[in-house]
Amino acid sequence: MKLWGGRFETGVNEQANDFHSSLAFDKRLYKQDIKGSMAHAEMLGKQGIIPKEDATAICASLAEILADIESGALQIQDAEDIHSFMEAELTARIGKTGGRLHTGRSRNDQVALDMRMYVKDEIDEIKALLFRFLQKHLDTARDHVNTIMPSFTHLQKAQPITLAHHIMAYLQMFRRDYERLEDCRKRVDIMPLGSGALAATVYPIDREFVRERLGFSAISENSLDAVSDRDFCIELVAALSIIMTHLSRFCEEIIIWASEEFSFVTVSDAYSTGSSIMPQKKNPDMAELIRGKTGRVYGNLMGLLTMMKSLPLAYNKDMQEDKEAVFNAIDTTKICLAVFTGMFEELKFNKERMYTSACGGYTNATDAADWLVKKGVTFREAHEIIGKLVLYAIGEKKPLGELSLGEFKKISELFDETIYPAISAQVCVNARNIAGGPAESAVNAAIANAEKYLEGLKNA
Ligand code: ARG
């Protein structure tokens, strides 16, 4: 059944008909569509816009349709979109009365409503996934406040830090992601129904009643904007893109760390795959795939931005393209978060290897320079002296701590015995005890803050 046959003399070309149908993908909005329609019908009845008994019959039938879809008794098919499908099904079940449902409503405000309801629910699910993920970060950090590892810039060893500090860096990123979703949700949480096609409606509808029934926090304030706004889709997919950026960075590190050259971590068998030809292989495929899937979420963001660019007000059919982009970005991010969390939970960290690595590569050179600064040398001079010392040590194939005092003194007379304890990896880490630093005390403070934050979310 078409919702708009009256003014047409011929049917739509078959290919064009398939081309413009959105049912294949918008059928996943069935629950939102039904809930929205029930609230609308109830309101129409309450306001005396349609007979009360008709509203009751519509709501009862919609409830049955929902149950039949969920039980598998009813297939969603043979319609232009989910909205047409519902009206056709309703009319098939209760006759002409079904035709009263669309009073004072357009598919334009209906689809905006459905999408907002859907996105709100999905944001809540993604938040739950992020919450579990953040908790895993905390657990790992707590276990590794004394696990020394090298940090890197340019993928070259920099200074010793701890694994806890490294993991807590990711916690900060994913916490911002959580907050971004919460913030985005505020702007999704606006009820557009009542905007009609674009110029609202002549019927004395009660938008506040519908808002309250559907659990929105406010109603939209401009009917043109309400039916043509897809900022909330763009914002969501932008937030998901940033989540994927963070996941891809973490994946990249796991891939590098799992290489034999690094050997910082072992990815469990459950999250690895083998090679069809090389029997020895165990590849971190899940991390690579998540890294790769980041591209499609970015693609969805670009698609949405480009689709909305230059559209005149108000609704344009271009906007039907929002759905696949939003759905794909949501599905992809959710599965990536879930798989990554599972992989993370089974990750084994090779503490000894991390420690040995942290002690190589002259990661304590800055601390040696800082030791000279304490003796009154300017930092710039100290930098120059330690640079020479490192060059000498490289030639001798020794770490700084294995040079004799005589060798130190050859570079600068200022050196004495106290240089040795000052440049051990533990001291290098724990001397950095200012807020935000890698020292045990500072990381414990960051962990306590994060615990408080997560506790607050639980109680929210
Ligand atoms: N399937 C359409 C969409 O997803 C529903 C709105 C159709 N409205 C219209 N006037 N053609 O955007």
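The values are calculated or read from the model by the stated rules, or taken from the named source; none is laboratory data. In this text the structure is predicted, and so the values were computed from the model without any measurement. Every residue, glycine as well, gets a Cβ built from its backbone with ideal geometry; the counts of neighbours run over all protein chains shown.
Do the conditions hold for Gly99, that is, is it in contact with an Asp or Glu (Cβ under 9 Å, 6 or more places away or on another chain), of a type outside the set (D, E, K, R) and part of a helix (DSSP H, G or I)?
Against the criterion (in contact with an Asp or Glu (Cβ under 9 Å, 6 or more places away or on another chain), of a type outside the set (D, E, K, R) and part of a helix (DSSP H, G or I)), Gly99 qualifies.
Mind checking which residues of the stretch 161-183 are among the hydrophobic types (A, V, I, L, M, F, W, C) and either part of a helix (DSSP H, G or I) or modelled with pLDDT under 95 (or both)?
Leu163, Ala164, Ile167, Met168, Ala169, Leu171, Met173, Phe174, Leu181 - these are the residues of the stretch 161-183 that are among the hydrophobic types (A, V, I, L, M, F, W, C) and either part of a helix (DSSP H, G or I) or modelled with pLDDT under 95 (or both).
Would you mind finding the one in Asp331, Asp370 that is touching a Phe, Trp or Tyr at 6+ places or on another chain (Cβ under 9 Å), farther than 24 Å from Ile256 by Cα and away from the ligand (no atom under 16 Å from the Cβ)?
So the residue among Asp331, Asp370 that is touching a Phe, Trp or Tyr at 6+ places or on another chain (Cβ under 9 Å), farther than 24 Å from Ile256 by Cα and away from the ligand (no atom under 16 Å from the Cβ) is Asp370.
Restricting attention to the stretch 184-204, which residues are part of a helix (DSSP H, G or I) and surrounded by 15 or more Cβ atoms within 10 Å (Cβ to Cβ)? It would help to see each step written out before you state the result.
Step one: filter the stretch 184-204 for residues part of a helix (DSSP H, G or I), giving 184-188.
Those that are part of a helix (DSSP H, G or I) and surrounded by 15 or more Cβ atoms within 10 Å (Cβ to Cβ): Cys184, Arg185, Val188.
Look at the stretch 317-340 and say how many of its residues are among the charged types (D, E, K, R) and touching a residue at least 40 places away in the same chain (Cβ under 8 Å).
Total satisfying the criteria: 5.
Please work out which residue is farthest from the ligand (Cβ to nearest atom), limiting yourself to the stretch 70-110 and to residues that are β-branched (Val, Ile, Thr) and closer than 24 Å to Ala314 by Cβ.
Top of the filtered list is Thr103.
Out of Asp26, Asp54, Asp68, I need the residue that is assigned to a helix (DSSP H, G or I), among the acidic types (Asp, Glu), in contact (Cβ under 8 Å) with a residue 12 or more places away in the chain and over 20 Å from Pro204 (Cβ atoms). Which one? Working first, answer last.
Details: Asp54 fails: over 20 Å from Pro204 (Cβ atoms); Asp68 fails: in contact (Cβ under 8 Å) with a residue 12 or more places away in the chain.
Of the residues listed, the single one that is assigned to a helix (DSSP H, G or I), among the acidic types (Asp, Glu), in contact (Cβ under 8 Å) with a residue 12 or more places away in the chain and over 20 Å from Pro204 (Cβ atoms) is Asp26.
Residue by residue, here is whether (1) buried (at least 21 other Cβ atoms within 10 Å of the Cβ); (2) within 16 Å of the ligand (Cβ to nearest atom); (3) not in a helix (DSSP H, G or I) holds:
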| position | (1), (2), (3) |
| --- | --- |
| Gly48 | no, no, yes |
| Met115 | yes, yes, no |
| Glu122 | yes, no, no |
| His137 | yes, no, no |
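Need at least 3 residues that are surrounded by 15 or more Cβ atoms within 10 Å (Cβ to Cβ) and away from the ligand (no atom under 16 Å from the Cβ) per element, so show me which helices (runs of 4 or more DSSP H) inside the stretch 205-321 make the cut, counting only ones lying wholly within it.
In the stretch 205-321, the matching helices (runs of 4 or more DSSP H) lie at 207-214, 231-257, 285-308.
Quick one: in the stretch 393-414, which of the residues that are assigned to a loop (DSSP other than H, G, I, E, B) and in contact (Cβ under 8 Å) with a residue 12 or more places away in the chain is surrounded by the fewest Cβ atoms within 10 Å (Cβ to Cβ)?
Within the stretch 393-414, the match that is surrounded by the fewest Cβ atoms within 10 Å (Cβ to Cβ) is Leu414.
Restricting the search to the stretch 375-390, which residues are farther than 18 Å from Leu405 by Cα and without any contact (Cβ under 8 Å) to a residue 24 or more places away in the chain?
Listed by number, the residues that qualify are Gly376, Thr378, Phe379, Arg380, Glu381, His383, Glu384.
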